[in-house]
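Enquirer: My questions all concern the structure below.
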Amino acid sequence: MNDLLARLRSAVGDDHVLTAPDDVAAHVVDWTGTHRGRALAVVRPGATAEVAEVVRACAETRTPLVPQGGNTGLVGGGVPDGSGTAVVLSLGRMRTVRDVDPVAGTITVDAGVVLADVQAAAAAADRLFPMSLGSEGSCTIGGNLATNAGGTAVLRYGMTRELVLGLEVVLPDGRVWDGLRGLRKDNTGYDLTQLFVGSEGTLGVITGAVLRLFPATPRHATAWVAVPSVATAVSLLGTAQEHSGVHLSTFEIANRQAVDLVLAHLPGAVDPLAAPSEWYVLLELAGSASDDGLDATLEALLGEAVEAGTASDAAVAGSPAQRSALWSLREGISEVQKVEGATLKHDVTLPIADLARWTDAMGPVLQEVLPGVRPVTYGHVGDGNLHYNLNAPVGRDDDLRAAAGDLTTAIHDAVAAAHGSISAEHGLGRSKAAAAAAYKSDVEVDLMRAVKRALDPHDLMNPGVLLTAP
């Protein structure tokens, strides 16, 4: 162990190999506080060559390695297990924006660049990097790529894997694959870039990326819409798509329980509508500087929706401040759940046509498992992704913890029956690896294991994450 630590210090400098408990503490627990582990050390390289040397040293000593970005994950994928044998590889020092090419529509960045900084660098070149997450002020591009993150703009721009053109990756043996090519067309074999996107650090360490940029969208038309049900929200989605086409960038849903939590716990939050509704939609159109008809388009589609009964009321943002206030009602949900007490998080995808049926059926099932449990449901109707979270019955946090396994099984079984996915955008991490294997076919699991063995035969890269031990 001492020889390894000495080699790591030689590679990155003494100040960037952390072993003191106080220095390591923030790196061995996830954002939820649910997943806690222990680490031999936390290593903070500043360049790809240093990452390669660290990985090589760990490979030669058979030391497990846990890549870590902003550590904002929700499934334990960026923290070590409890053995204390793993090295955490934190990429937080690698924050260089290497190149911005507005003509080609690309930006090349280190993996440790914070998502908000990528957005800002793109904006400085009058371009848009469209990924938007609640954690964008602290999550990093490397983590976004490793988990194939989603967010609120997936409806228009797609998941992370659709925003990346090339990668630089340190392989489990310490070699560096330089795939930083910003080509839109490259038909020369297996798509290695997509192999590493969503691999959660189990196949290598992403150190750099070429990302797609888009024309800036300075114009917005935003509304907070009351809808009677999930079924009417889906109908409203169709109306919005028909009226606005490619300008529809956001279509988020939240139930009244979620909104009530935000109003109770988020300072400054105000209900923009006079009467309560069972469900709400945050709808936004976005366009270029020349797209001056968005307000009229929004007004027309809302008018049609009210007439058809798919919407009962709406508040339209008339200023940037009002737009920000509407967005805060959606973006504040995840944070305020922690204030309310014990919560059980689920991140599922369903066929859009089945969202209403599934949601209507799920509520009574969960009440049978734990009477009084409070579903806090929100998410991205446009891509079928629901964050189907559960808060404990009031004052009964321990009851939720005791029933957590049965509640999760009920939700996962129902998702599988509807041909959905138990992880839409958060990844599998440690918490869902076993469940995913149980719902996948043997063929699918075998293929995933074959890829893992080919690249990481000694199972040193983030062991226990995404795939359980065979």
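Enquirer: In terms of solvent-accessible area of protein heavy atoms at a 1.4 angstrom probe, what is the ranking of Arg374, Arg44, highest value first?
Expert: If we order Arg374, Arg44 from most to least accessible, we get Arg44, Arg374.
Enquirer: Please say if the stretch 198-241 is rounded, prolate or oblate, where rounded means a/c under 1.5 for a ≥ b ≥ c the square roots of the C-alpha gyration tensor eigenvalues, and otherwise the choice is prolate for a/b larger than b/c and oblate otherwise?
Expert: Since a/c reaches 1.5 but b/c is at least a/b, the shape of the stretch 198-241 is classed as oblate.
Enquirer: Heavy atoms only, 1.4 Å probe, whole protein assembly: order His16, His419, His458, His412 by accessible area, highest first.
Expert: Largest accessible area first, the residues go His419, His458, His16, His412.
Enquirer: To continue, here is another question. Ignoring everything but the protein chains, give the 1.4 Å probe accessible area of Phe129 in square angstrom, nearest 10.
Expert: Accessible area of Phe129: about 10 Å².
Enquirer: Rounded to the nearest 10 Å², what accessible area does Ser431 have for a 1.4 Å probe in the complete protein model?
Expert: Here the accessible area works out near 60 Å².
Enquirer: Given Cβ point charges of +1 (Lys, Arg) and -1 (Asp, Glu) and nothing else, what value in debye, to the nearest 20, does the dipole of the stretch 278-388 about its Cα centre take?
Expert: 520
Enquirer: Also, I was wondering about something else. To the nearest 20 Debye, how big is the dipole of the stretch 1-139 about its Cα centre, given +1 on the beta carbon of each Lys and Arg and -1 on that of each Asp and Glu?
Expert: The dipole magnitude comes to about 240 debye.
Enquirer: Rounded to the nearest Å, what's the spacing between the alpha carbon centres of the stretch 294-315 and the stretch 338-392? Just the number, please.
Expert: 27
Enquirer: On a 1.4 Å probe surface of the protein chains, which of Tyr190, Tyr439, Tyr280 comes out largest in accessible area, and what is the full order?
Expert: The ordering from most to least exposed comes out as Tyr190, Tyr439, Tyr280.
Enquirer: Now, a different point. Could you tally up the Lys pairs in the chain with alpha carbons closer than 22 Å? Skip any pair fewer than 8 positions apart unless they're on separate chains.
Expert: Within the chain, the lysine pair count is 6.
Enquirer: Given the options Leu302, Gly427, Val227, identify the residue whose Cα lies farthest towards the positive end of the charge dipole of the chain (+1 on Cβ of Lys, Arg; -1 on Cβ of Asp, Glu).
Expert: Gly427
Enquirer: At a threshold of 8 angstrom on Cα-Cα distance, excluding pairs fewer than six apart, so keeping six or more, what relative contact order does the chain reach in percent?
Expert: With pairs under 8 Å counted, the relative contact order is 15 percent.
Enquirer: At 222 nm, what value in deg cm²/dmol follows for the chain if DSSP H runs of at least 4 each add -39500 (n - 2.57) and the sum is divided by all its residues, to the nearest 500?
Expert: The helix-only estimate for the chain comes to -11000 deg cm²/dmol at 222 nm.
Enquirer: Which distance in Å, rounded to a whole number, links the C-alpha centroids of the stretch 54-115 and the stretch 417-439?
Expert: 23
Enquirer: To continue, here is another question. In the chain, if the dipole is taken from +1 on Lys/Arg beta carbons and -1 on Asp/Glu beta carbons about the Cα centre, which of Gly384, Thr63, Met461 is farthest to the positive end?
Expert: Selected residue: Thr63.
Enquirer: Just the number, please: carbon plus sulfur as a percent of the accessible area of the chain, 1.4 Å probe, no ligands or DNA/RNA counted.
Expert: 52
Enquirer: Does the stretch 1-83 come out rounded, prolate or oblate by the C-alpha gyration tensor, with a ≥ b ≥ c the root eigenvalues, rounded set by a/c under 1.5 and, if not, prolate when a/b is larger than b/c and oblate if not?
Expert: Note, shape of the stretch 1-83 comes out prolate.
Enquirer: With all protein chains present, calculate the accessible area of Lys345 using a 1.4 Å probe and round the result to the nearest 10 Å².
Expert: 50
Enquirer: Considering amide H positions built from the backbone, and no H for Pro or chain starts, which residues 5 or more places from Gly208, or on another chain, come under 5 Å of its amide H?
Expert: Ala111, Glu168
Enquirer: Further question: Treating only the Cβ of Lys, Arg, Asp and Glu as charged (+1, +1, -1, -1), what charge dipole size does the chain show about its Cα centre? Round to the nearest 20 debye.
Expert: Computed about the Cα centre, the dipole is about 980 debye.
The values are calculated or read from the model by the stated rules, or taken from the named source; none is laboratory data. Just so we're clear, the structure is a prediction, and the values are computed from it rather than from any experiment. Please note: Cβ atoms are built from the backbone with ideal geometry, for glycine as well, and neighbour counts cover all protein chains shown. Ligands, DNA and RNA are excluded from the accessible area calculation, which covers all protein heavy atoms including side chains. Shrake-Rupley method; radii C 1.70, N 1.55, O 1.52, S 1.80 Å.
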